[in-house]
Amino acid sequence: MDSLRDLLPIVLVVAFFQIVVIQQPLENVADIFIGIVFIVLGLTFFIYGLEMGLFPIGESMAHAFARKGSVWWLSLFAFSLGFGTTVAEPALIAIANEAADIAADSGHIEASDAAREAYANGLRYTVALSVGCAILLGVIRILLNWSIQYLIMGGYIIVVIVTAFAPAEIIGIAYDSGGVTTSTITVPLVTALGIGLASSISGRNPMLDGFGLIAFASLLPIIFVLLYGIIV
């Protein structure tokens, strides 16, 4: 019922514009209804999966690393978690492939499957590397109790500066890459890591210090992809 309630506004908006504004009947109503049922079920199972699996394992591993007291292994885990989840992010795979197709069609890269694959993989791994560094930076911030607002403000100043030197074709992709990385796979694990780490360190407040890793994961990909555009 919660998933159905969350999906209902979208259904009402689409139905309103289809019936009142466009004034055309919906085609394949049966297929649309079945699709909506699948979406509701998918959202329900996905949320239960997060609550039962991803959040607990992220928090438990953060507690375990904090008890172990090894900053090296914690840092390596944070980087690997950010890199691995981003490489597997469906939204990033989709936008990288789309960007490669458009780059080939516009003549910026060779119009071949090999060139498209190389461009898409380069973009994916650049973003994955940036998210790994972002999560590492977020963990160091929690450990050293750095102020997040100054880091974020400084990061966006760098974004503005680098944007001035980046080719126009990469700017839109760079800004979008910051959003697509923080999606279904990355967000739950990274959030759980931050909350678990802040909960297990004396003097840290999970509400104040546990959140904020996603902000770094959205910011650094913009910088890295802009630099990727300048270099490549």
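The values are calculated or read from the model by the stated rules, or taken from the named source; none is laboratory data. Everything numeric here is computed off the predicted structure, so don't read it as measured data. Note that each Cβ is placed from the backbone with ideal geometry, even for glycine, and that neighbours are counted across all protein chains shown. When the accessible area is computed, the model is the full protein with side chains, heavy atoms only, and any ligands, DNA or RNA have been set aside. Shrake-Rupley method; radii C 1.70, N 1.55, O 1.52, S 1.80 Å.
Considering the stretch 85-116, and only residues there that are over 30 Å from residue 214 (Cα atoms) and charged (D, E, K, R), the residue that is surrounded by the most Cβ atoms within 10 Å (Cβ to Cβ) turns out to be 110.
Scanning for something assigned to a helix (DSSP H, G or I) and touching a residue at least 12 places away in the same chain (Cβ under 8 Å), does the stretch 105-114 turn up at least one residue? No, there is no match, as no residue in the stretch 105-114 is assigned to a helix (DSSP H, G or I) and touching a residue at least 12 places away in the same chain (Cβ under 8 Å). Checked against the criterion of being hydroxyl-bearing (Ser, Thr, Tyr), within 16 Å of residue 217 (Cβ to Cβ) and either at pLDDT 80 or above or open to solvent by 50 Å² or more (accessible area, probe 1.4 Å) (or both), the stretch 117-129 has at least one qualifying residue. Of all the criteria given as (1) within 15 Å of the chain's Cα centre (by Cα); (2) of a type outside the set (A, V, I, L, M, F, W, C); (3) farther than 18 Å from residue 84 by Cα; (4) crowded, with 21+ Cβ neighbours inside 10 Å, the one not satisfied by residue 132 is (3).
Within the stretch 72-84, if we keep just the residues that are surrounded by fewer than 17 Cβ atoms within 10 Å (Cβ to Cβ) and among the aromatic types (Phe, Trp, Tyr), the residue that is nearest to residue 196 (Cα to Cα) turns out to be 73. Taking only pairs six or more apart or across chains, which ones have beta-carbon atoms under 8 Å, a first residue in the stretch 167-180 that is among the acidic types (Asp, Glu), and a second residue that is surrounded by fewer than 21 Cβ atoms within 10 Å (Cβ to Cβ) and not in a helix (DSSP H, G or I)? What qualifies is 169/106; 169/108.
Restricting the search to helices (runs of 4 or more DSSP H) fully inside the stretch 162-232 and requiring at least 3 residues that are of a type in the set (D, E, K, R) and open to solvent by less than 40 Å² (accessible area, probe 1.4 Å) gives an empty result. Flag not set for residue 156, criterion: of a type in the set (Phe, Trp, Tyr) and free of Cβ contacts under 8 Å to residues at least 12 places away in the same chain. Here the condition is being open to solvent by less than 90 Å² (accessible area, probe 1.4 Å) and over 30 Å from residue 141 (Cβ atoms); of 49, 58, 69, 35, it holds for 35 alone.
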